[in-house]
Amino acid sequence: MKISVIGTGYVGLVTGTCLAESGNDVICMDIDQKKIDLLNAGNVPIYEPGLEELITRNVDHGRLSFTSDMSLAVKSSDIIFIAVGTPPGEDGSADLKYVLAVAGEIGRNMNGYKVVIDKSTVPVGTADKVKVAIAAKTKLSFDVVSNPEFLKEGSAVDDFMKPDRVVIGTESAKARNLMQDLYSPFVRKGDRILDMDIRSAEMTKYAANAMLATKISFINEMANICAGLGADIDSVRRGMGYDKRIGFEFLFPGVGYGGSCFPKDVQALIRTAKDLGLEANILKAVEAVNKRQKTILFEMILQHFAQASKQGRKNSAPLEGRTIAVWGLSFKPRTDDMREAPSVVVINNLLRAGATVKAHDPVATHEARKIFKSRVTLMDNNYETLKGADALAVVTEWNEFRAPDFKRIKKLMKKPVIFDGRNIFHQEELKKMGFTYYGIGRR
Ligand code: NAD
């Protein structure tokens with residue numbers, strides 16, 4: 001099949017590459033000329049495990065190409081994915097200006113029947129708007145499909161290649177058949193391709209993300225209650241998870257959710273509910289708990305040093321002159337994405353309180369430099385952050401941080417104090433080694 005993907009970001013690039021891998025001819029289009037130049041020069045603008053190899057192979061086989069020419073992309077394909085960003089507007093609703101601009105451009109450049117697919121996460125009713133925007137520019141026939149994407153950054157290629165389910169919302173039998181053919185190589189069990197009406201397909205994505213965000217805020221709230229009660233969230237989590245109705249998945253306490261999806265999608269759904277005259281009380285609480293959770297690690301650090309100040313130094317600003325090492329900057333492991341990352345809240349609070357911050361992330365350094373400029377010292381190696389540090393704060397649970405050389409850590413640090421924002425270390429072992437250890441909701 002001849003396919004174009006408009007918007008070559010995390011979703012568009014993975015979608016286009018994986019569809020090329022299954023034998024289709026794919027053009028990835030983006031208005032960002034720098035991104036297209038990078039891709040045409042053989043570089044990959046984002047970090048996503050396994051993606052670079054797939055891109056290289058499919059470009060070499062002539063199935064995958066990159067362009068900033070919208071006309072070329074539209075005219076050369078029968079199937080067009082819209083995968084541009086849908087950032088939050090000022091009132092929290094999803095801003096559709098990029099999606100609708102692309103729809104208009106598709107209409108303007110059409111040269112025959114096309115299936116236009118909303119891959120971006122868009123509010124219920126957007127397919128109708130896309131239809132109107134295209135129809136305003138062409139008399140040719142087309143169908144619009146809602147096909148929300150469920151991939152996770154960090155395992156996006158795997159998720160696309162082996163999806164839990166594929167949601168297809170359309171009113172057209174022709175478009176539905178085409179979509180089923182397109183996805184059949186990825187879904188061995190046909191029952192995982194879920195046909196539904198367009199509005200339900202659009203809503204499914206928001207409902208799924210809202211549920212996942214709810215699980216995170218729920219377990220974070222339980223962790224905070226555990227901390228106050230002297231109970232241990234790890235034991236509680238295990239005790240809950242063996243109940244099959246609850247399960248273990250996605251119930252890990254931490255420093256809050258970030259990324260380009262959960263925060264904006266929860267906000268957008270709250271806004272959608274408000275427009276209907278409904279109060280999304282659960283979602284409002286999910287958001288409020290998350291906002292608070294992003295500050296928790298900083299508060300623990302502040303409290304620890306305020307205590308230390310009382311015992312020795314006379315200082316009303318307990319973090320003034322302290323150096324804090326931060327491990328992990330991306331909003332989660334295996335990605336360089338720092339949109340809404342908890343690390344930004346933690347670090348900005350530390351800097352505001354007068355601390356010096358030395359940080360390391362395996363792949364997000366270039367993104368972090370754009371955010372922090374020279375305010376944070378970014379190190380190539382996690383151990384380098386520790387030289388002379390008063391404390392270590394673990395913010396993102398990269399695998400390479402899970403079993404470090406604690407003897408070396410202790411030697412490098414001024415004081416052996418660890419704030420484990422993801423509960424990745426064994427607190428008892430660390431205590432035996434002479435560390436002062438703080439986790440989230442641990443005894
Ligand atoms: P992104 O910001 O990484 O990429 C969007 C791309 O669209 C950018 O490269 C931008 O230059 C391009 N673009 C903007 N306007 C354009 C135009 N008029 N023509 C061509 N290109 C244009 O965004 P993303 O993370 O890939 O997300 C895209 C959509 O997918 C969003 O709606 C998001 O909610 C949804 N989504 C994201 C994820 C994720 O994990 N990132 C997962 C599922 C769904």
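The values are calculated or read from the model by the stated rules, or taken from the named source; none is laboratory data. All of these numbers come straight from a predicted model, not from anything done at the bench. Here the Cβ is made from the backbone with ideal geometry for all residues, glycine too, and neighbour counts use every protein chain on show.
One residue alone among Ala173, Ala133, Ala101 is in the same structural domain as Leu72 (by TED's automatic domain parsing), of a type outside the set (Lys, Arg) and surrounded by 19 or more Cβ atoms within 10 Å (Cβ to Cβ), and that residue is Ala133. Summed over the stretch 153-170, the residues that are at positive phi and away from the ligand (no atom under 13 Å from the Cβ) give a count of 0. Take the conditions (1) modelled with pLDDT of 95 or more; (2) within 14 Å of the ligand (Cβ to nearest atom); Gly89 misses just one of them, which is (1). Restricting attention to the stretch 104-130 and to residues that are more than 13 Å from the ligand (Cβ to nearest atom) and surrounded by fewer than 17 Cβ atoms within 10 Å (Cβ to Cβ), the residue that is farthest from Met1 (Cα to Cα) turns out to be Gly125. Among the helices (runs of 4 or more DSSP H) confined to the stretch 280-371, there are none with at least 2 residues that are over 23 Å from Gly439 (Cβ atoms), in contact with an Asp or Glu (Cβ under 8 Å, 6 or more places away or on another chain) and not assigned by TED's automatic domain parsing to the domain that holds Cys261.
Among the residues of the stretch 115-162, the one identified as under 29 Å from Asn399 (Cα atoms) and of a type in the set (Ser, Thr, Tyr) is Ser155.
Residue count for the stretch 176-203 under the criterion of being closer than 27 Å to Ile282 by Cα and crowded, with 19+ Cβ neighbours inside 10 Å: the result is 4. Apart from one condition, Ala308 fits all of (1) among the hydrophobic types (A, V, I, L, M, F, W, C); (2) under 28 Å from Arg375 (Cα atoms); (3) in contact with a helix residue (DSSP H, G or I) (Cβ under 8 Å, 6 or more places away or on another chain); the exception is (3). Taken over the stretch 16-38, the residue count meeting the criterion of being more than 9 Å from the ligand (Cβ to nearest atom) and either crowded, with 23+ Cβ neighbours inside 10 Å or not hydrophobic (A, V, I, L, M, F, W, C) (or both) is 16. Out of (1) closer than 26 Å to Lys274 by Cα; (2) more than 10 Å from the ligand (Cβ to nearest atom); (3) not in a loop (DSSP other than H, G, I, E, B), what's the single condition that is false for Tyr98? Checking Tyr98 against (1) closer than 26 Å to Lys274 by Cα; (2) more than 10 Å from the ligand (Cβ to nearest atom); (3) not in a loop (DSSP other than H, G, I, E, B), the one that fails is (2).
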